[in-house]
Amino acid sequence: MKKFSHVIVRRPCRAMVEGITSGEYPGKPDYDLALKQHDDYIEALKKCQVDVTILPADERYPDSCFVEDPAVITKNCAIITNPGAPSRNGEKEEITGAVRKFFSDEDIERIEAPGTLEGGDVMMVGDHFYVGLSARTNEEGIRQFKEILEKHGMTCSQVPLEKVLHLKTGVNYLEDGNMLVSGEFVTKEEFQKYNLVEIPEEEAYAANCIWVNDTVIVPEGYPAVLEAVKKLGYRTLTVDTSEYRKLDGGLSCLSLRF
Ligand code: GLY
């Protein structure tokens, strides 16, 4: 099934070595290796029947390669978010120009302060969106997001987070009813109706896979997750994201897919 035609990415900047990190995966990113991994990521996406818009690096924002956070793109509208991390908030202005190439002004919505929301907290399942209530996304952000979705014929529900940075750090939908879950999300009542694939604790990082037109891109180095995704019947590609993992970033954070 072809669902996505476009992908937007932003090249990592040199300042990424100063990006926000929880320290869960220690060490500073190696910038040259991060660039190579980004090249590989773009090549993998190009194998998935999408065109890829590559935005230039922006040295003002160390985390700006994680382009999923300042916007959420749905089939009916684009929503420019209001990132809750102060050092990332300005990224919302920079993504707007890229989004304008695909949406007219009346279909570009915005989350406004005091609401905050980051796209990493948003998981799309058809016309329904699960949104994580997190350190980055607050109740008011979710209230505005819900109002916008309803205006455009879509729905939304809130999922409180306990431990992880973003919702999609620990749970990702792969279409066809299949959902990868790790840690705190394994027992969440609202996800029990899906075919849950439980990710072992030692491979928890790889819960963050992306489905792109029936191919699933899996982070390199997680054999149990790769095997589980293959068993679901998907074509798989792997990309090493070790340098982004040091900043708590993963495959989904690095692109907008629509
Ligand atoms: N380093 C990614 C983030 O914290 O937003």
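The values are calculated or read from the model by the stated rules, or taken from the named source; none is laboratory data. It should be emphasised that the depicted structure is a prediction, and the values quoted were computed from it without experimental measurement. Counting neighbours? That spans all protein chains shown, and the Cβs are built from the backbone with ideal geometry, glycine included. Note: areas computed on protein heavy atoms with side chains; ligands, DNA, RNA excluded. Shrake-Rupley method; radii C 1.70, N 1.55, O 1.52, S 1.80 Å.
In terms of its alpha-carbon gyration tensor, segment 147-187 comes out oblate; a/c meets the 1.5 threshold, while b/c is at least as large as a/b. Annotation note: chymotrypsin sites (Phe, Trp or Tyr not before Pro) in segment 1-50 located in DSSP loop regions with a Cβ neighbour count of at most 16 within 10 Å are absent. Here the Gaussian network model covers the chain, with springs between Cα atoms less than 10 Å apart; of 21, 169, 116, 21 fluctuates the most. For a label point 7 angstrom out from the Cα of residue 155 toward its Cβ, which stretches of segment 92-135 have the backbone nitrogen within less than 15 Å? Hits in segment 92-135 for residue 155 at 15 Å: 124-131. Amide H neighbours of residue 210 under 5 Å, at least 5 residues apart or on other chains, H built in the peptide plane: list them. The answer is 217. Our summary gives segment 117-204 a relative contact order of 25 percent, counting only alpha carbon pairs under 8 angstrom and 6 or more residues apart.
The stretch between residue 32 and residue 102, if pulled fully straight at 0.36 nm per residue, gains 22.1 nm over its current Cα-Cα span. With Cα atoms defining each centre, segment 234-250 and segment 14-40 are spaced 12 Å apart in the structure. The modelled label-to-label distance for the pair residue 139/residue 189, using points 7 Å beyond Cα in the direction of Cβ, is 1.8 nm. Each Lys and Arg adds +1 at its Cβ and each Asp and Glu adds -1 at its Cβ; summed about the Cα centre, segment 75-194 shows a dipole of about 200 debye. For the listed residue pairs 28/188; 3/231; 46/193, the alpha carbons are over 30 angstrom apart in 28/188; 46/193.
Under the classification rounded if a/c is under 1.5, otherwise prolate if a/b is larger than b/c and oblate if not, where does segment 16-120 fall, given a ≥ b ≥ c as square roots of the Cα gyration tensor eigenvalues? Let's see the in-between values first.
On the way: a/c = 2.19, a/b = 1.22, b/c = 1.79.
Note, shape of segment 16-120 comes out oblate.
Of all the options 120, 90, 23, the one that moves most in a Gaussian network model of the chain with Cα springs shorter than 10 angstrom is 23. Nonpolar atom fraction for the chain, defined as the carbon and sulfur part of the 1.4 Å probe accessible area, stands at 50 percent. Largest GNM mean-square fluctuation among 136, 235, 11, using the chain with Cα springs under 10 Å: 235.
So between residue 24 and residue 230, what do we pick up on full extension, going 0.36 nm a residue minus the alpha carbon distance? Don't jump to the answer; show the numbers that get you there.
Values: separation 206, 0.36 × 206 = 74.16 nm, distance 2.78 nm.
Extra length available between residue 24 and residue 230 comes to 71.4 nm.
Protein heavy-atom accessible surface, 1.4 Å probe, per residue over the chain: 41 Å². Evaluating 6.51 cos²θ - 1.76 cosθ + 1.60 at θ = phi - 60° for every residue in segment 208-222, the Karplus couplings come out as 8, 9, 10, 8, 9, 6, 6, 9, 10, 8, 10, x, 6, x, 10 Hz, glycine and proline recorded as x.
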